[in-house]
Every structure is written in C-alpha cells, then in structure tokens.
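Engineer: Shown below is the structure under consideration.
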Amino acid sequence: MPRSKRRATDNMSSTDDDRYSSKRLRNSSGRRSTRAEDTAFSQKRCLTWFREYTSPDDPETLGPDGMEKFCEHIGVDPENVVMLVLAFKMQARQLGFFTKEEWLKGLAELQCDTIQKLQYRLEHLRCLLNDQNTFKAIYRYAYDFARDKDQRSMEIDTAKAMLQLLLGKHWPLYTQFSQFLEQSKYKVINKDQWCNILEFSRTICNDLSNYDVDGAWPVMLDEFVEWLKSTRTKSDIS
C-alpha cells in the first residue's frame, strides 16, 4: 500500500476512534447520571409517597389506617420493634401517627424516598438496637411516644406491651417482672420507674446477688425483688 494512502487511512481510523470514544463517554455519563438521579434522595418523591397513606380530610397526617397500609407495603408487622426505631428516627410524637414533618425528617436522614429503599434500610434500623447508648435513647423515647398525652404516666397495659417489645427477648427476668406487675397494685408507671427498669435489667444479676437493699431504686423495684425472692423460696420448698 502506498505510504500516502496508509497515512490517510490511519488518520481516518483515528478520527473514527475519537468519535466512537466520545459517543461512548457521553452514553456512559448519561447512564451514570440516571443512576445517580435514581439513588439520590428526592423530597418531592418522598412527599408523594407520604400522600399514598393520607386522606383528603387530613393530608398532613398519616393515621392508623394509613399506618397499617404503610406497614403492609414495607412488609413489617405494626408491632415489630423496627417500627419503634423508625418512629424514633422521625421523632414522632404520637403512637400510630406520622406527621408530614416527621416523615420528611426521618426519611431524609435515612435517605429513603421509596418502599424499596426503606426495605433495604430495615436491617440497619434493627442493628441500632445493638448499640447500648442508642438503645437507651430509644427506650427513653418510647415512654413519651406511647403514653397517653393527657396523662403524665403510662398506663400499665401499655407499659407491659412496650417492655415486652424492648426487653422481652433480652432480660431473663422479664417474665417474672411481668407476672409481678400483673398481681401488683400498680395501674401506671412513671418515667422514673420506667428508666430505672432498664437500669435494673442491665446491672442486677438474675440471682439478685448484687442487689443493694439500701440502693436508690424505686419502691416498685424493691417490691419486685421481695416478691421474686418470696416466689423462689416457695418454689424451693414445694
């Protein structure tokens, strides 16, 4: 092949390669941009999602009916502890309700604006319970979240349900404590008692050997210890 023709062919090939490379880069960039748009949090998309669970009568609040539908969509039982963690992230003020502001706050922090994104983050929410400090914050939050806002204390039935949710699987003495509450005179639990139950569950041995009768525990827990010792003594005798 003559040299001049070879150079022309080489130049043409190089130009075609440049055009192909440029087109490929543009297409690749476009695909990356689309993926980035799909994964980036969108407040508008998040708000549209919220509207799926509200009614025209109250578009600013997701209520019990919407909550049931929401839980069904994400595949979580309403009584699953992960829903409490999600409410904690939103700093929701009332059990069974999410306001628009709470929804946007919590899901923006989690960077979730679709069902699929939230489902992907559920395990992360569950794992938050494994951190002692975060668990303590969630436990304390649960008291004000679940109690009747017209009362300063929490109804005993509500307290037992929340204690079962938070401590039932982790505190070996939970069953006995629940039995104690069943037969006790207590109709409500105040916040000091609530917080001390967690501390008690974390620090006192199952055999009560490190329980200090002169400690600053609430009377409720002193009574629980007395009741449990008496119950165990009767069991040993029989």
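The values are calculated or read from the model by the stated rules, or taken from the named source; none is laboratory data. Worth saying up front: this structure is predicted, and the values here are computed from it rather than measured. Methodologically, a virtual Cβ is constructed for each residue, glycine included, from the backbone with ideal geometry; neighbour enumeration extends over all protein chains shown. Please note that ligands, DNA and RNA were not included when accessible areas were found on the heavy atoms of the full protein model with its side chains. Shrake-Rupley method; radii C 1.70, N 1.55, O 1.52, S 1.80 Å.
Engineer: Going by amide H atoms built from the backbone, whose H comes under 5 Å of the H on Asp148, apart from near neighbours?
Structural biologist: Glu155
Engineer: Which whole-Hz ³J(HN,Hα) couplings does the range 90-105 yield from phi under the Karplus relation 6.51 cos²θ - 1.76 cosθ + 1.60, θ = phi - 60°, glycine and proline marked x?
Structural biologist: With the stated coefficients, the range 90-105 comes to 7, 6, 4, 9, 9, 4, x, 9, 10, 7, 4, 5, 5, 4, 5, 4 Hz.
Engineer: Residue by residue through the range 84-89, which ³J(HN,Hα) values in whole Hz follow from phi under the Karplus form 6.51 cos²θ - 1.76 cosθ + 1.60 (θ = phi - 60°), with glycine and proline marked x?
Structural biologist: Result, ordered by residue: 5, 5, 5, 4, 4, 4 Hz.
Engineer: Which percent of the accessible area of the range 100-238 is formed by carbon and sulfur heavy atoms (probe 1.4 angstrom)?
Structural biologist: Working: 3760 of 7790 Å².
Carbon and sulfur: 48 percent of the exposed surface of the range 100-238.
Engineer: Could you list, in their original order, any pairs among Lys160/Lys187; Lys44/Lys117; Lys100/Lys169; Lys105/Lys191 whose Cα atoms are separated by more than 21 Å? Let's see the in-between values first.
Structural biologist: Working: Lys160/Lys187 11 Å; Lys44/Lys117 15 Å; Lys100/Lys169 33 Å; Lys105/Lys191 26 Å.
Result: Lys100/Lys169; Lys105/Lys191 exceed 21 Å.
Engineer: Using each residue's phi in the range 68-83, evaluate 6.51 cos²θ - 1.76 cosθ + 1.60 at θ = phi - 60° and report the 3J(HN,Hα) Karplus result to the nearest Hz, with x for Gly and Pro.
Structural biologist: Each residue of the range 68-83 in turn: 4, 5, 4, 4, 5, 5, 8, x, 10, 5, x, 8, 6, 4, 5, 5 Hz.
Engineer: Within a Cβ distance under 13 Å of Tyr139, other residues only, what is the Lys/Arg minus Asp/Glu net charge? Spell out each step's value before the answer.
Structural biologist: On the way: positive: Lys136, Arg140, Lys191, Arg202; negative: Asp131, Asp144, Glu199.
Here the charged neighbours net out to +1.
Engineer: I've got another one for you. Might you tell me the accessible area per residue for the range 36-163, computed with a 1.4 Å probe and given in Å²?
Structural biologist: Working: 6990 Å² over 128 residues.
Value returned for the range 36-163: 55 Å² of accessible area per residue.
Engineer: Considering only the other residues whose Cβ falls under 15 Å of the Cβ of His124, what net charge follows from Lys and Arg at +1 and Asp and Glu at -1? Intermediate values should be presented prior to the final figure.
Structural biologist: Numbers: positive: Lys89, Lys117, Arg121, Arg126; negative: Glu109, Glu123, Asp131.
That sum, taken over residues with Cβ under 15 Å, equals +1.
Engineer: Pick out, from Thr233, Leu208, Met220, the residue whose Cα sits farthest towards the positive end of the charge dipole of the range 195-238, with +1 on the Cβ of Lys and Arg and -1 on the Cβ of Asp and Glu.
Structural biologist: Checked the options; the winner is Thr233.
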